[in-house]
1. Any chance the stretch 217-237 includes a residue that's farther than 23 Å from GLN113 by Cα and assigned to a loop (DSSP other than H, G, I, E, B)?
2. Would you pick out the residues in the stretch 17-50 that are within 18 Å of THR3 (Cα to Cα) and among the hydroxyl-bearing types (Ser, Thr, Tyr)?
3. For the stretch 45-60, how many residues meet the condition of being among the hydrophobic types (A, V, I, L, M, F, W, C) and within 17 Å of SER78 (Cβ to Cβ)?
4. Being touching a helix residue (DSSP H, G or I) at 6+ places or on another chain (Cβ under 8 Å), surrounded by 20 or more Cβ atoms within 10 Å (Cβ to Cβ) and not in a helix (DSSP H, G or I) is the requirement here; does PHE35 meet it?
5. For the subset of the stretch 102-130 comprising residues that are β-branched (Val, Ile, Thr) and surrounded by fewer than 21 Cβ atoms within 10 Å (Cβ to Cβ), which member is farthest from LEU22 (Cα to Cα)?
6. For the stretch 52-99, enumerate the residues that are in a helix (DSSP H, G or I) and surrounded by 17 or more Cβ atoms within 10 Å (Cβ to Cβ).
7. Limited to the stretch 26-73, what total is found for residues that are closer than 20 Å to GLN8 by Cα and aliphatic (A, V, I, L, M)?
8. When both residues are 6+ apart or on different chains and their Cβ atoms are under 8 Å apart, which pairs have a first residue that lies in the stretch 96-111 and is in contact (Cβ under 8 Å) with a residue 24 or more places away in the chain and among the polar types (S, T, N, Q), and a second that is outside any helix (DSSP H, G or I) and surrounded by fewer than 19 Cβ atoms within 10 Å (Cβ to Cβ)?
Amino acid sequence: MLTKQALQRRNYIDKIINTTGLSILEFGAFDNPTFRREMGDSVWYIDYFSSDELKEMHNDNPRRNFDLLVDVDYVVKSHDFTADIEKKFDLLVANHVIEHVPDIIYWLQQLEQILNSQGKIFLSIPDRRYTFDYFRPVSLATQMIRAHREGLRRPDQWQLLEHFYYHQKVDPVKLWNGETPGKFAPRFSLARAMEMAERKKNDYNDAHCWVFTPESFKQCIADLKSAKLHGLSIVELEKTQKNSNEFRVILECC
C-alpha cells in the first residue's frame with residue numbers, strides 16, 4: 001500500500017525509469033516509502049534511527065501510521081554512511097532528506113560511491129515558496145562549500161539560526177491562489193533565535209539546513225559540479241505541481 005503522495009512520486013519515477021528488477025535503497029522512508037518490499041520491490045531502507053526508535057519517538061504523533069512503518073535495514077548514525085553498506089544500488093531514493101543534511105557535498109559524494117555505473121538518484125525536495133521557509137533566502141553553493149570545508153556532522157549554529165528565525169507557518173493552497181502571507185512575523189525574536197541556536201549547536205537537532213526552489217537547486221548542483229565537488233548531473237526535473245510543496249529531480253553520474 002502506498003500513500004497518495006508516495007504514489008505520485010512512484011508514478012513520476014516509473015514514467016522515466018523501468019524499476020523492474022532494480023536494486024533500490026531508500027533513505028528515511030519511515031511510514032511513507034516510495035517502494036515497498038511487499039509489493040515486489042527489491043528495496044532496502046536506511047535511516048538514522050531504527051524502526052523501534054522511530055516508533056518510540058513518534059508514539060504520540062497521530063499523523064504517523066505504524067502499520068506502514070518500514071523495517072530499517074541500515075541504521076546509520078555515522079557521518080560516513082557508506083561504511084555500513086556492502087553493496088551498490090541501481091536507484092537511490094530520498095524524499096525530503098537533502099534539505100536536512102548539514103554537509104550536502106559529502107552526502108552527494110557518498111551517494112556516488114554506492115551507485116552502480118548506470119544508476120539513478122531520485123530526490124523530492126521542498127520548494128521554499130510553498131513551505132514554512134517562505135521568507136528564508138535560498139541557499140547558495142558557496143555556503144555548501146563552507147559547510148563541507150568545516151566537515152559539518154550536525155546542523156551548526158548558523159543553519160539552526162536561519163531555521164529558527166525564518167520559520168513561519170503558511171498555507172500552500174492560498175499561496176498557489178496568489179494569496180501571500182503578508183509581512184514576515186517570526187516566531188522568535190532574532191535575539192531569541194540566536195540564543196536557541198547557540199544553546200543547541202552541540203546536539204543533533206533536526207532542521208532545514210538548506211532551502212531551495214527548483215531553479216536554485218539546479219544552479220547549486222551545476223555550480224558544485226563545476227567546482228569538481230561531485231560528479232552528478234540532473235537529467236530530469238519536475239517543477240512543483242499546483243497545490244504541492246515539493247519538486248522532483250533525477251540525477252546520474254555523467
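Read-outs throughout are calculated quantities, based only on the coordinates presented, and are distinct from any laboratory measurement. What you are looking at is a predicted structure, and each value in this text was computed from that prediction instead of being measured. All Cβ positions, even for glycine, are placed from backbone atoms using ideal geometry, and neighbour counts span all protein chains on display.
1. No, because not a single residue in the stretch 217-237 is farther than 23 Å from GLN113 by Cα and assigned to a loop (DSSP other than H, G, I, E, B).
2. Quick first cut of the stretch 17-50, residues within 18 Å of THR3 (Cα to Cα) only: 26-41, 43, 45.
Correct list: THR34, TYR45.
3. To start, the set of residues in the stretch 45-60 that are among the hydrophobic types (A, V, I, L, M, F, W, C) comprises 46, 49, 54, 57.
Adding the requirement that they be within 17 Å of SER78 (Cβ to Cβ) leaves 46, 49.
Final tally of qualifying residues: 2.
4. Working: touching a helix residue (DSSP H, G or I) at 6+ places or on another chain (Cβ under 8 Å): yes; surrounded by 20 or more Cβ atoms within 10 Å (Cβ to Cβ): yes; not in a helix (DSSP H, G or I): yes.
Judged against the criteria, PHE35 is a match.
5. Initially, the stretch 102-130 is screened for residues β-branched (Val, Ile, Thr), giving 104-105, 114, 121, 125.
Now restrict to residues that are surrounded by fewer than 21 Cβ atoms within 10 Å (Cβ to Cβ): 105, 114.
Working: ILE105: 26, ILE114: 14 Å.
Among those residues, the one meeting the criterion is ILE105.
6. At the first step, the residues of the stretch 52-99 found to be in a helix (DSSP H, G or I) are 52-57, 66-68, 81-84, 98-99.
Across the stretch 52-99, the qualifying residues are LEU54, PHE81, ILE98, GLU99.
7. Here the count works out to 6.
8. Correct list of pairs: GLN109/LEU229; GLN110/ASP80.
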